[in-house]
1. With Ala183, Ala135, Ala164 as the choices, which residue is touching a Leu at 6+ places or on another chain (Cβ under 9 Å) and assigned by TED's automatic domain parsing to the domain that holds Asp334?
2. So, in the stretch 1-33, exactly how many residues are at pLDDT 95 or above and in contact with a helix residue (DSSP H, G or I) (Cβ under 9 Å, 6 or more places away or on another chain)?
3. Quick one: would you say Arg244 is under 19 Å from Gly117 (Cβ atoms), assigned by TED's automatic domain parsing to the domain that holds Gly301 and surrounded by fewer than 20 Cβ atoms within 10 Å (Cβ to Cβ)?
4. With Ala363, Ala352, Ala414 as the choices, which residue is over 18 Å from the mean Cα position of the chain (by Cα) and surrounded by 22 or more Cβ atoms within 10 Å (Cβ to Cβ)?
5. Out of everything in the stretch 172-183 that is of a type in the set (Gly, Ala, Ser) and within 18 Å of Arg226 (Cα to Cα), what residue ends up being nearest to the chain's Cα centre (by Cα)?
6. How many residues, within the stretch 180-205, are touching an Asp or Glu at 6+ places or on another chain (Cβ under 9 Å), outside any strand (DSSP E or B), of a type outside the set (A, V, I, L, M, F, W, C) and free of Cβ contacts under 8 Å to residues at least 60 places away in the same chain?
7. Any residue at all in the stretch 184-191 that is aliphatic (A, V, I, L, M) and modelled with pLDDT of 95 or more?
8. Among the residues of the stretch 400-434, which ones are within 21 Å of Ala43 (Cα to Cα), at pLDDT 95 or above and hydrophobic (A, V, I, L, M, F, W, C)?
Amino acid sequence: MTQRISADLLVVGASELVTCAGPAPAAGQAQADAGVVERGALAARDGTIVWTGPEDELERAVAPAPDARTLDVGGRAVLPALVDCHTHLVWAGDRTGEFARRLAGATYSEIAAAGGGILSTVEAVRAAPRERLAAEARERMRRMARWGTTGFEIKSGYGLSTEAEIKLLRAAGEAVEGTPFLARRTFLGAHTLPREARGSRAARARYVDEVVGEMIPRVAEERLARFCDVFIDEHAFTVDEARRVLEAGRAAGLEPKLHAAQLAPDEGVRLAAELGAVSVDHLEHATDDDLDALARAGTVGVLLPGATLFLRMTRFADGRRMIDRGVPVAVATDVNPGSCPSESLPLMMQLACLRCGLSVDEAIVAATKNAAVAAGLGDRLGTLEPGRRCDLLVLEAASRSELLYALGSQRTHAVLAAGRTIVGPPAGQSLRLS
């Protein structure tokens with residue numbers, strides 16, 4: 001007789017256990033299915049999943065520890081907690097006034113030229129104490145957890161000087177300390193050019209030199225980030241500048257990422273594939289050749305439909321075409337103070353279905369398994385299988401489809417991180433815990 005697995009947490013009563021289990025996304029593979037186990041169950045020990053399967057096999061497979069808890073979810077669907085693989089969670093200042101100007105017809109460039117845009121956030125961040133930046137980012141993460149998110153990628157990019165970028169990355173680390181969340185940090189000193197670098201070609205060159213020669217060595221020495229990112233755009237950096245920054249980052253131990261093909265076609269997508277970037281994000285203007293290069297490289301394409309919507313752009317990234325051409329696809333919020341102030345990853349999943357062509361299960365995989373890979377958390381989060389942390393999203397619904405169908409609505413019943421409830425059910429509706 002096979003020895004039963006010891007567990008201190010049993011999750012039962014699920015209508016659907018959506019595991020998203022299986023191999024990580026690889027070059028040329030289509031989007032994985034959601035791995036649904038009808039009337040499935042799960043067992044964990046010390047916050048880590050040790051078994052999943054049909055509930056009628058639980059008793060034969062698992063031996064509850066003397067102090068084990070049983071969590072009966074009452075016929076609800078259980079998914080992996082969500083992972084947001086593209087965020088700008090650490091910022092200061094207020095850019096709500098830009099929204100009215102955008103509704104009146106002002107473009108991104110016109111708002112920036114009038115003193116708004118990223119540079120207004122840069123000024124606020126430079127003036128803000130690190131402790132306040134960390135506290136505000138922590139509150140954003142707590143609000144995002146109510147939508148089911150427990151894993152994050154957090155970018156810098158609103159400092160645009162060595163000391164301010166270091167301050168942002170330290171604040172991002174402090175924001176996560178003492179919380180139930182997992183996060184990876186990304187250095188984005190090459191987000192845009194600071195005001196002082198816009199006067200001449202020489203000033204621009206000096207800033208790129210600072211990113212390469214000062215910022216990256218400091219970030220690497222202090223282990224403040226896992227990734228190095230660059231925004232390629234006519235308002236930001238060229239492909240040649242991006243290559244220089246990313247190669248310097250990789251030499252220092254920082255894995256490459258890229259913002260590319262958001263506002264116009266560019267060579268950034270193929271640069272991402274050439275460098276073996278973990279992800280390339282936005283992709284509204286990616287070509288078939290771009291996507292074929294990503295598929296060969298196994299680079300995750302990250303959809304950010306909230307930014308497309310909020311900027312009132314009409315061309316959304318074609319997620320259907322990406323998946324059909326073998327590109328592993330993720331979806332994220334791009335939460336930031338200017339182009340997407342939304343903290344709801346489920347809303348982005350809904351937009352990915354409605355405007356980017358994903359199915360329900362493809363959107364779920366995109367915000368869990370593939371997003372975890374893009375965020376550098378694929379060994380910890382994103383699937384419900386042995387060895388992963390027991391981070392769960394329990395829906396206030398029997399079907400996983402409700403998460404995508406209920407446009408703009410919150411369908412969270414409970415959220416667990418490392419086997420502990422961090423978001424409880426609404427008053428009068430309780431998980432049955434024994």
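The values are calculated or read from the model by the stated rules, or taken from the named source; none is laboratory data. Computed from a predicted model, the values in this text were never measured in an experiment. Glycine also receives a Cβ, built like all others from the backbone with ideal geometry; neighbour counts cover every protein chain displayed.
1. Ala183
2. Here is the first cut: in the stretch 1-33, the residues at pLDDT 95 or above are 4-20.
Then keep just the ones that are in contact with a helix residue (DSSP H, G or I) (Cβ under 9 Å, 6 or more places away or on another chain); that gives 4-5, 10, 12-14, 17-18, 20.
Residues in the stretch 1-33 being at pLDDT 95 or above and in contact with a helix residue (DSSP H, G or I) (Cβ under 9 Å, 6 or more places away or on another chain): 9 in total.
3. no
4. On the way: Ala363 fails: over 18 Å from the mean Cα position of the chain (by Cα); Ala352 fails: over 18 Å from the mean Cα position of the chain (by Cα).
Going through Ala363, Ala352, Ala414 in turn, the sole match is Ala414.
5. Here the residue is Ala183.
6. Total satisfying the criteria: 1.
7. Within the stretch 184-191, one or more residues are aliphatic (A, V, I, L, M) and modelled with pLDDT of 95 or more.
8. Across the stretch 400-434, the qualifying residues are Ala414, Val415, Leu416, Ala417, Ala418, Ile422, Val423.
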